[in-house]
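The values are calculated or read from the model by the stated rules, or taken from the named source; none is laboratory data. The structure presented is a predicted model; accordingly, all values stated were derived computationally and were not measured. FYI the Cβ positions are ideal-geometry reconstructions off the backbone, even for glycines, and counts take in every protein chain you see.
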Amino acid sequence: MVDLQLAIAHHVLVFALVALLAAEFALFRPDLDAAAIRALTRIDAVYGAVAGLVIAVGILRVLYGAKGPEFYLGNPWFWAKMATLLAIALISIAPTMALLRWRRASKSEPSFVPPTAAHRHARAHIALELALVPVLLICAAAMARYGGF
């Protein structure tokens, strides 16, 4: 029963993570004003919190799930999934830092609009994160069915 509960929590959190990332990408428009920057900063903060929960529940699945740690730790697809997740996490730093800078700037200057190049750079990072989601899902599916190469 614990395995099922952890699997459900993990899947719901991953879907929430992807939804938040898609929302962030959709709202990341060139004409960001102070209100949009505040909204994006909030979405990004929730995205970070949900990512942390995904990792925490994932660790619990490894430790207490039905397959046991041996299955995961010896599974190359698990490590590919972890590497992809790490890549997504590292890529997400740039947009987060940009949003925080822009939020501070918009507080001191209400008419602040992010520079075009910086906006494009941050949005490209979010697009890359989204592009890695299918890789993550492929690794997850292969990991769950791993029986060797």
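Quick notes on this one:
- Scanning the stretch 112-121 for residues that are free of Cβ contacts under 8 Å to residues at least 12 places away in the same chain and in contact with a helix residue (DSSP H, G or I) (Cβ under 9 Å, 6 or more places away or on another chain) yields a total of 0.
- Which listed residue, of Ala83, Ala66, is hydrophobic (A, V, I, L, M, F, W, C), surrounded by fewer than 14 Cβ atoms within 10 Å (Cβ to Cβ) and not in a loop (DSSP other than H, G, I, E, B): Ala83
- Residue check for Asp31: at pLDDT below 95, acidic (Asp, Glu) and either more than 11 Å from the chain's Cα centre (by Cα) or in a helix (DSSP H, G or I) (or both): yes
- Residues in the stretch 41-58 that are surrounded by 16 or more Cβ atoms within 10 Å (Cβ to Cβ) and closer than 16 Å to Ala140 by Cβ: Ala51, Val54, Val57, Gly58.
- The listed residue being more than 25 Å from Val135 (Cβ to Cβ) and at pLDDT 95 or above, out of Leu4, Leu13: Leu4
- Residue in the stretch 134-143 that is assigned to a helix (DSSP H, G or I) and either closer than 19 Å to Gly52 by Cβ or in contact with a Leu (Cβ under 8 Å, 6 or more places away or on another chain) (or both) present: yes
- Candidates Ile59, Ile93 - the one that is over 23 Å from Val12 (Cα atoms) and either at pLDDT 95 or above or charged (D, E, K, R) (or both): Ile93
- Set side by side, the residues Arg61, Arg103, Arg123 differ, and just one is within 15 Å of the chain's Cα centre (by Cα) and either surrounded by 13 or more Cβ atoms within 10 Å (Cβ to Cβ) or over 18 Å from Leu20 (Cβ atoms) (or both), which is Arg123.
- Within the stretch 1-24, the set of residues being touching a residue at least 60 places away in the same chain (Cβ under 8 Å) and loosely packed, with under 15 Cβ neighbours inside 10 Å comprises Val2, Asp3, Ala22.
- Residues satisfying the stated conditions in the stretch 80-130, i.e. of a type in the set (Val, Ile, Thr) and either closer than 22 Å to Arg38 by Cβ or in contact with a Phe, Trp or Tyr (Cβ under 6 Å, 6 or more places away or on another chain) (or both): Ile93, Thr96, Val113, Thr116, Ile126
- For the stretch 69-80, the set of residues classified as among the small types (Gly, Ala, Ser) and surrounded by 13 or more Cβ atoms within 10 Å (Cβ to Cβ) consists of Ala80 only.
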